[in-house]
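Novice: Pasting a structure below so you can have a look.
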């Protein structure tokens, strides 16, 4: 997610934050707009799912979803009361969890409401961590797809490993997978990708996707030798694109172990119900 998008979303979410008795909260009808839901009826369905998740976490729904009435302008100078819900940070987090993660607003909200600070730099850091984990998962999927396609084209597991290694050498300027593991201090039994920065993970994934696409559409790409040539070419092309932006994958420092990072983020999320503040129902 680009920095300008994060900055705008952070400002929007901050502007809609309220506080009462030392407890911060957001109104559901305002959150509806923040999360990109046009119809209140559709958003109510997400709220109901969040309430169920709240109950399963052994939290009292009324402590986090407090019903209220609000006066709204009708545009003709008159006003009428509509039902609304005061939502704690925890309630908002549960709502975001039940939204569409492909939407920038939802992806941002999941992080914004998960962290116990509203500082933008902390939110940005957490978003970057989640982005890297998602990129790593996407790379695993593209590698699995490539392995399956190659098997159909007469390449066994050992052949796939050789193709992938030669692809790495093309991407890393001649350094093999093992060379890069040595350079980055990666344990022997761990995948190199678990210690790569986001940009390199995404570069490997892009090369895989191009190979997958080309092999599927061209029946002439059969056997290890031919497909190796194709995969090496695609990795070189991706490397060329990176180099144009002065990015050389072999020179980038290692990133935090994705397995360790995943455990840390999951652990933080499990602590949420223990640290969130609660509201009292307005009904």
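Novice: Go through segment 118-145 residue by residue and tally those that are farther than 23 Å from residue 259 by Cα and touching a helix residue (DSSP H, G or I) at 6+ places or on another chain (Cβ under 8 Å).
Specialist: Result for segment 118-145: 2.
Novice: Output the residues belonging to segment 182-197 that are free of Cβ contacts under 8 Å to residues at least 12 places away in the same chain and under 18 Å from residue 248 (Cβ atoms).
Specialist: Across segment 182-197, the qualifying residue is only 182.
Novice: Look at residue 246 and say whether it is at pLDDT 95 or above, assigned by TED's automatic domain parsing to the domain that holds residue 139 and in a helix (DSSP H, G or I).
Specialist: It is false that residue 246 is at pLDDT 95 or above, assigned by TED's automatic domain parsing to the domain that holds residue 139 and in a helix (DSSP H, G or I).
Novice: Here is a further query. Between 259, 274, which is loosely packed, with under 15 Cβ neighbours inside 10 Å, assigned to a helix (DSSP H, G or I) and in contact with a helix residue (DSSP H, G or I) (Cβ under 7 Å, 6 or more places away or on another chain)?
Specialist: 259
Novice: Can we say residue 13 is outside any helix (DSSP H, G or I) and at pLDDT 90 or above?
Specialist: no
The values are calculated or read from the model by the stated rules, or taken from the named source; none is laboratory data. Everything numeric in this text was worked out from a predicted model, so none of it was measured. Note: ideal-geometry Cβ built from the backbone for every residue, glycine included; neighbour counts use all protein chains shown.
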